[in-house]
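Down below is the structure, laid out as structure tokens.
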Amino acid sequence: MNFKDKIIKEKLPKHVAIIMDGNGRWAKQRGKNRIFGHKSGVKSVKEVVEAAGTLKIQYLTLYAFSTENWNRPKIEVDALMTLLLNSINSEKKDLIENNIQLKVIGNTEALPTKIRQKISKVIEETKINTGLTIVIALSYSSRWEIVNAIKNISKEVKENKIDISNINSDLVSKYLTTSEIPDPELLIRTSGEYRISNFLLWQIAYSELYFTKKLWPDFGKEEFYEAIYDFQYRERRFGKTSEQILRK
Ligand code: IPE
Ligand code: IPE
Ligand code: MG
């Protein structure tokens, strides 16, 4: 089935978030080490970026490395950091040429200095781009982000900059790392795991969830289009009744 041609242009999500999972298992199935799986996953990132660009989706958030992933064996963490650095270096030109903006969310202070500097540079250089925004969640966890927001809001309350009566859902959103980004309408997770793994807990309150058994290195354009197609047949009710939605 060709999903791309079936996609309704007027019903596209503005923001798609992806938990890119299954690199390790993909490699193991082939008798290779986990790092081979991570390297193979880069191709899928490129495919998904291209597909999102083709559809003119505005935001694509990719969960690349969680706070908890720091607890993996050092050899794997180091390999992931090297892969990240190489990918940023090799893709920089393409990002600029394709009018793509790069953003990063997460505790970047935990990253090696070299990577942090490289990332800041690319963020700066792509700031003026107006096409797709790629948001890489790096050393990210939702609880880390929410704890940070609570600390910052508390500080401002203490300094009388915020009145407690003004704390509402919009204000909390402004203190998250995603303050300038709309909530994702669609969250995809690959590899057949049915969990969120500390990703965008606040932001996905009303996101449509799409789980696929495909391992990340096997996820390409067609799989991305299929997820968007599936999304377009969901009825998003936001607590209302189906009749209320259909009457609109
Ligand atoms: C996702 O693949 C990539 C990262 C979490 C960095 P995994 O490395 O988690 O692969 P599996 O889940 O072990 O197969
Ligand atoms: C989630 O995958 C994090 C990323 C995809 C970067 P994990 O493989 O770390 O998640 P768990 O441990 O299976 O929940
Ligand atoms: Mg995994």
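Numbers for the structure displayed
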quantity: Odd one out for residue 13 among (1) touching a residue at least 12 places away in the same chain (Cβ under 8 Å); (2) part of a helix (DSSP H, G or I); (3) not aliphatic (A, V, I, L, M); calculated: (2)
quantity: Number of the exception - residue 46 against (1) part of a helix (DSSP H, G or I); (2) over 15 Å from the mean Cα position of the chain (by Cα); calculated: (2)
quantity: Residue tally, condition within 19 Å of residue 61 (Cα to Cα) and without any contact (Cβ under 8 Å) to a residue 40 or more places away in the chain, over segment 92-110; calculated: 9
quantity: Candidate set: segment 109-124, residues that are farther than 16 Å from residue 82 by Cα and in contact with a strand residue (DSSP E or B) (Cβ under 6 Å, 6 or more places away or on another chain); chosen: the one surrounded by the fewest Cβ atoms within 10 Å (Cβ to Cβ); calculated: 123
quantity: Output for segment 25-43, where each listed residue is surrounded by 21 or more Cβ atoms within 10 Å (Cβ to Cβ) and either of a type in the set (Gly, Ala, Ser) or away from ligand 1 (no atom under 16 Å from the Cβ) (or both); calculated: 27, 37, 41
quantity: Where a residue in segment 25-41 is on the phi < 0 side of the Ramachandran plot and outside any helix (DSSP H, G or I) and its partner, wherever it lies, is within 14 Å of ligand 3 (Cβ to nearest atom) and aliphatic (A, V, I, L, M), with Cβ under 8 Å and at least six apart; calculated: 33/27
quantity: Residues of segment 168-214 satisfying the condition of being exposed (fewer than 13 other Cβ atoms within 10 Å of the Cβ), over 19 Å from residue 60 (Cβ atoms) and among the polar types (S, T, N, Q); calculated: 168, 169
quantity: Enumeration of residues in segment 215-244 that are assigned to a loop (DSSP other than H, G, I, E, B) and surrounded by fewer than 18 Cβ atoms within 10 Å (Cβ to Cβ); calculated: 220, 233, 234, 235, 236, 237, 238, 239, 240, 241
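All of the numbers you see were taken from the coordinates with simple rules; none came from a lab. Quick caveat, the model's predicted, so the values are computed rather than measured. Using ideal geometry, Cβ is built from the backbone for each residue, glycine included, and neighbour counts are taken over all protein chains shown.
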